[in-house]
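> Below you will find the structure I want to go over with you.
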Amino acid sequence: FEKPLASKSDLKELAPFSVSKLDYVYEGIKETKKLLKNRIPLIGFAGGPWTLMSYMVDGMTSKTCSKSKRWMYDEDKTKSQDLLKLLSDAVVDHLVAQVRAGANFVQVFESNAGHLSPMMFNNAVAPYLTDICKRVRDAVGDHIPIALYAKGCNNCLPAINKLGFDVVSIDWLLDPEIAREFVTTTLQGNMDPCALYCEKEDLEAIVREMLLKFGTRRYIANLGHGIYPDMDPEHVKWFVDAVHRISEDMIGGKDVDENLMYT
């Protein structure tokens, strides 16, 4: 951001969000749906309000998010609350527009959630996430799954489990068996993206261990975060193929530890 937000008065300078400004995104979704021919679901996404706020106040990626957290701890709580509300409204509109364009599944990325204490996350951010989930569901219906990814916020899983999302995505720092203790809904994740640098046999071993820990019920295999620009697409294909092959073996009973299967 060339001009990060510095005071509450700066909020008045923000232009109102309109989905029309992102028509190219929704047109891209429509074109992608045509190419997919309904063979696989298309996932839409948006940044979470806290993560968006941290970029707008800190101005860039930050190791501490100290400027944006200062807003959260400020005596005038309306400063952060007003911004989080404004951003939540934009996130809802953006996600709904993606679904109407053809997205089959949407996810909210709170990639900077790990910078918050459990108390700050639960008291200051969680209410907005619950609101986003409810409003999107009210607008598009129960048939569209809504996921939350709160990176680094694993100590908040009990609270995240109660926010109303259909899917909870976890990063690679959390053992899946521990996640199962706190999350009663569907889990998604959580291979370390850097494992995609592995050779094929090593990658398959990592995928197998991950799938055995998650089991085959209420689980979506995925990475624990995004793919990096220098990764070989062929390795991504190895990952997807390994998930399919090993999952089929597990479902068929060829490689199943019953203690790792969940209902």
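> All but one of (1) outside any helix (DSSP H, G or I); (2) of a type outside the set (A, V, I, L, M); (3) under 16 Å from the mean Cα position of the chain (by Cα) hold for His94; which doesn't?
Unmet condition: (1).
> Here is a follow-up. Of the residues in segment 46-104, how many are among the basic types (Lys, Arg) and closer than 21 Å to Gly226 by Cβ?
Qualifying residue count, segment 46-104: 1.
> How many residues does segment 107-145 hold that are aliphatic (A, V, I, L, M), buried (at least 22 other Cβ atoms within 10 Å of the Cβ) and not in a helix (DSSP H, G or I)?
Selection size over segment 107-145: 2.
> Looking at segment 32-82, which of its residues are of a type in the set (Ser, Thr, Tyr) and assigned to a helix (DSSP H, G or I)?
Thr32, Thr51, Ser54, Tyr55, Ser66, Ser68, Tyr73, Thr78, Ser80
> From Gly102, Gly28, Gly48, grab the single residue that is on the phi > 0 side of the Ramachandran plot, within 23 Å of the chain's Cα centre (by Cα) and of a type outside the set (Val, Ile, Thr).
Gly102
> Could you tell me which numbered condition Lys63 fails, if it satisfies all but one of (1) at pLDDT below 95; (2) open to solvent by less than 20 Å² (accessible area, probe 1.4 Å); (3) under 20 Å from the mean Cα position of the chain (by Cα)?
Just one mismatch for Lys63, condition (2).
> Give Val168, Val106 a once-over and let me know the one that is free of Cβ contacts under 8 Å to residues at least 40 places away in the same chain and either touching a Pro at 6+ places or on another chain (Cβ under 6 Å) or within 18 Å of Tyr219 (Cα to Cα) (or both).
None of the other options fit; the residue is Val168.
> Let me ask something else about it. Would you check which residues across segment 1-31 are open to solvent by less than 70 Å² (accessible area, probe 1.4 Å), assigned to a helix (DSSP H, G or I), closer than 30 Å to Ala103 by Cα and in contact (Cβ under 8 Å) with a residue 24 or more places away in the chain and list them?
Selection gives Val19, Leu22, Val25, Tyr26, Ile29.
> Next question, about the same structure. For segment 153-186, which positions are assigned to a loop (DSSP other than H, G, I, E, B), open to solvent by 20 Å² or more (accessible area, probe 1.4 Å) and under 15 Å from Asn122 (Cβ atoms)?
Asn161, Lys162, Gly164
> Considering segment 72-94 alone, what residues qualify as being open to solvent by 10 Å² or more (accessible area, probe 1.4 Å) and in contact (Cβ under 8 Å) with a residue 60 or more places away in the chain?
Hits for segment 72-94 are Asp76, Thr78, Lys79, Asp82, Leu86, Asp89, Ala90, Asp93, His94.
> Here is a follow-up. Given the criteria in a helix (DSSP H, G or I), in contact with a Ser or Thr (Cβ under 7 Å, 6 or more places away or on another chain) and of a type outside the set (S, T, N, Q), does Leu211 qualify?
Criteria met by Leu211.
> Being farther than 27 Å from Met72 by Cβ and open to solvent by 60 Å² or more (accessible area, probe 1.4 Å) is the filter here; which residues of segment 32-57 pass it?
Of everything in segment 32-57, those that are farther than 27 Å from Met72 by Cβ and open to solvent by 60 Å² or more (accessible area, probe 1.4 Å) turn out to be Lys34, Leu35, Lys37, Asn38, Arg39, Ile40, Pro41, Ile43.
> Under 6 Å between Cβ atoms, which residue pairs at least 6 apart in sequence (or on different chains) link something in segment 37-48 that is in contact (Cβ under 8 Å) with a residue 12 or more places away in the chain with a partner that is surrounded by 14 or more Cβ atoms within 10 Å (Cβ to Cβ) and in a loop (DSSP other than H, G, I, E, B)?
These pairs meet every condition: Pro41/Asn104; Leu42/Ala103; Leu42/Asn104; Gly44/Ala103.
> Being closer than 30 Å to Trp50 by Cα, small (Gly, Ala, Ser), in contact (Cβ under 8 Å) with a residue 12 or more places away in the chain and open to solvent by less than 70 Å² (accessible area, probe 1.4 Å): is that true of Ala242 here?
no
> Go through (1) open to solvent by 20 Å² or more (accessible area, probe 1.4 Å); (2) out of contact with any Pro (no Cβ under 6 Å at 6 or more places or on another chain); (3) at pLDDT 95 or above; (4) not polar (S, T, N, Q) for Lys213 and report which single condition fails.
(2)
The values are calculated or read from the model by the stated rules, or taken from the named source; none is laboratory data. On a predicted model such as this, the values are computed, not experimentally measured, just so you know. Counting neighbours? That spans all protein chains shown, and the Cβs are built from the backbone with ideal geometry, glycine included. Just the protein is used for accessible areas: all its heavy atoms, side chains included, with ligands, DNA and RNA removed. Shrake-Rupley method; radii C 1.70, N 1.55, O 1.52, S 1.80 Å.
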